[in-house]
1. Quickly run through region 131-157 and pick out the residues that are assigned to a helix (DSSP H, G or I), under 34 Å from the mean Cα position of the chain (by Cα) and polar (S, T, N, Q).
2. Residues being open to solvent by 40 Å² or more (accessible area, probe 1.4 Å) and either under 35 Å from the mean Cα position of the chain (by Cα) or not hydrophobic (A, V, I, L, M, F, W, C) (or both): count how many of those fall in region 354-371.
3. Answer with yes or no whether Ala385 is assigned to a helix (DSSP H, G or I), modelled with pLDDT of 65 or more and in contact with a His (Cβ under 9 Å, 6 or more places away or on another chain).
4. Among the residues of region 318-334, are any within 26 Å of Pro407 (Cα to Cα), without any contact (Cβ under 8 Å) to a residue 40 or more places away in the chain and either of a type outside the set (S, T, N, Q) or part of a helix (DSSP H, G or I) (or both)?
5. Quick check: anything in region 286-303 out of contact with any His (no Cβ under 7 Å at 6 or more places or on another chain), basic (Lys, Arg) and at pLDDT 85 or above?
6. Taking region 413-450 as the region of interest, how many residues are open to solvent by 40 Å² or more (accessible area, probe 1.4 Å) and at pLDDT below 75?
7. Given the residues Gly350, Gly336, which is the only one that is modelled with pLDDT under 90 and either closer than 28 Å to Cys293 by Cβ or open to solvent by less than 70 Å² (accessible area, probe 1.4 Å) (or both)?
Amino acid sequence: MLGGGVAKQVGVFGFGYNRANYKFDQGQRWGRFTTGRQMEIKRTSMFREDVTDLASVSASKLKIYAPILTMSLGYCLTIFVEARSGLKFPAPPTFASGLYLQCLGIAFGFMTLSTWLCFHAAQRAQVAMVQLRTRRVRVPVPTQRQLDSARRILSTYEEQSVYDMFRLPFVMPNSGNTPPGSDEEGKPKKAKEADKAGYSKGGLPGMAAKMKGKVKDIKDEAGGSKKEIAHAARIPGTTAGAPSWISKELDAREELPGASPSAHGLDAPSEPYEHFELVREAQKEYWCAEAYCRVTFLIGFMHMIQSFAYWLTLHNIAELGMVWNAMVCGITLSAGVWVMFRLDVLPDHGGCFPIEAAGPSVSCMSLALAYSHSPSQSVIDISRAVAILCYLMHLAWTFRLYMVAQPANSMANHQAKETGGRLFNQSASCETPTWLPAAFQHVSYLVAPPKTKAQLAQEQSDREHSKASDDPMVKIDMTPWYYTR
């Protein structure tokens with residue numbers, strides 16, 4: 001009778017003790033789930049901000065370039081209609097009027113193309129951003145089923161094993177393994193494997209005599225250490241562990257990672273992050289348009305300034321008879337074209353002062369000779385020869401623009417340059433892709449997702465061994481370049 005009473009008291013004590021622990025653990029469990037979900041939602045919100053920031057670069061350029069381009073197109077249309085020469089005075093030489101209207105037409109065409117490329121890049125980036133934020137990079141709000149699975153009511157205590165319900169503290173060890181990353185984080189791998197072997201081979205914890213394997217096997221698995229042998233045998237007071245429901249929860253988290261507090265199972269999102277790679281793939285569709293928007297922007301404005309120079313030369317000489325004013329206007333605006341070209345094109349990629357862009361200045365000499373007070377056949381012939389020189393200069397100017405605007409098609413590297421040929425910011429990954437015109441690398445400002453050190457090392461290795469077929473920088477949609485060409 002005395003033994004039965006003691007057993008009853010021990011059982012009641014064990015049941016109440018373990019039940020109180022279970023209630024406490026479930027409160028902690030729910031708090032861990034909500035905290036993990038909140039942290040994951042904040043992390044995903046930062047990922048969504050990354051997508052927005054990377055896509056907003058093209059939209060920011062649209063806000064700057066589009067108003068300037070549309071106003072300049074209006075100027076070109078106005079000049080086409082209102083600035084015709086020869087309406088009130090005798091018509092000027094045909095070559096000068098032809099070059100003036102040709103430059104104006106080229107400016108109008110390239111500005112129209114630049115406007116279209118600008119809108120195209122911004123809209124494609126906006127569509128990619130909306131697609132990723134609504135389909136792939138979504139806030140991991142838990143479903144009702146996940147909330148119900150994380151919430152435990154007290155009646156679920158009855159679903160525990162009999163051992164866990166009546167386990168006596170400091171006498172009977174826990175039946176489950178300690179969760180990874182807790183107080184056993186620094187344990188060697190062999191010790192963890194031995195920890196698993198003690199319970200799976202021996203039935204009830206601590207009952208080493210009933211193990212199917214021998215103590216020698218445990219000693220071999222544990223590496224010979226007495227402390228690790230104790231872990232393997234689950235000796236009370238020396239073996240760390242946890243209730244079995246924790247092991248079951250960790251197993252379920254591995255099988256269903258989306259239902260875990262972090263929504264990634266036992267691990268965090270691995271690098272490279274998925275949303276960065278998705279944005280990198282989307283940028284291949286509009287990056288070329290974003291880059292050549294800047295190239296066509298420059299070509300259009302330079303030809304517009306040249307058309308103004310030709311018109312002022314015609315107006316001053318053919319209509320007003322002011323030769324020196326024509327010289328000043330031609331030289332000044334030609335110098336402006338040189339400065340624009342020098343600022344946007346690197347010197348070592350054809351960005352030196354292009355003499356062939358000084359067509360308006362040379363046309364002043366031709367018109368001055370043609371409108372001399374005492375013309376002779378020699379003077380007229382010299383005037384015509386200078387006019388032919390103007391055509392040749394424009395032909396050379398077209399070839400130069402084609403060469404600086406074409407893709408580099410050279411080996412990519414991680415050292416972009418600034419104006420003047422200086423090296424760019426070397427603390428970050430500043431790449432010059434093979435498809436980008438090398439002459440415009442300092443004014444393109446294409447912002448790409450960051451890469452891991454492993455990705456950068458792999459790209460460098462592929463380039464050294466000519467295996468860059470999978471390089472994200474070489475699979476770009478080059479349709480805008482074909483239009484520009």
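The values are calculated or read from the model by the stated rules, or taken from the named source; none is laboratory data. As the structure is a prediction and not an experimental result, all values here were calculated from the model. In this analysis, Cβ positions are derived from the backbone assuming ideal geometry, glycine residues included, and neighbour counts consider all displayed protein chains. SASA here: full protein model, heavy atoms, side chains in, ligands and nucleic acids out. Shrake-Rupley method; radii C 1.70, N 1.55, O 1.52, S 1.80 Å.
1. Just the residues of region 131-157 that are assigned to a helix (DSSP H, G or I), to begin with: 131-136, 144-150, 154-157.
If we keep only those that are under 34 Å from the mean Cα position of the chain (by Cα) too, we end up with 131-136, 146.
Those that are assigned to a helix (DSSP H, G or I), under 34 Å from the mean Cα position of the chain (by Cα) and polar (S, T, N, Q): Gln131, Thr134, Gln146.
2. Counting residues in region 354-371 that are open to solvent by 40 Å² or more (accessible area, probe 1.4 Å) and either under 35 Å from the mean Cα position of the chain (by Cα) or not hydrophobic (A, V, I, L, M, F, W, C) (or both) gives 1.
3. Details: assigned to a helix (DSSP H, G or I): yes; modelled with pLDDT of 65 or more: yes; in contact with a His (Cβ under 9 Å, 6 or more places away or on another chain): no.
So Ala385 does not fit the description; no.
4. So in region 318-334, the residues within 26 Å of Pro407 (Cα to Cα) come out as none.
Within region 318-334, not a single residue is within 26 Å of Pro407 (Cα to Cα), without any contact (Cβ under 8 Å) to a residue 40 or more places away in the chain and either of a type outside the set (S, T, N, Q) or part of a helix (DSSP H, G or I) (or both).
5. Scanning region 286-303, I find at least one residue that is out of contact with any His (no Cβ under 7 Å at 6 or more places or on another chain), basic (Lys, Arg) and at pLDDT 85 or above, so the answer is yes.
6. Final tally of qualifying residues: 16.
7. Working: Gly336 fails: modelled with pLDDT under 90.
Exactly one residue qualifies, and that residue is Gly350.
For (1) open to solvent by less than 30 Å² (accessible area, probe 1.4 Å); (2) more than 30 Å from Leu392 (Cα to Cα); (3) outside any helix (DSSP H, G or I), each residue gets a yes or a no:
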position	(1), (2), (3)
Ala55	yes, yes, no
Thr70	no, yes, no
Pro90	no, no, yes
Phe110	no, no, no
Cys118	yes, yes, no
Met129	yes, yes, no
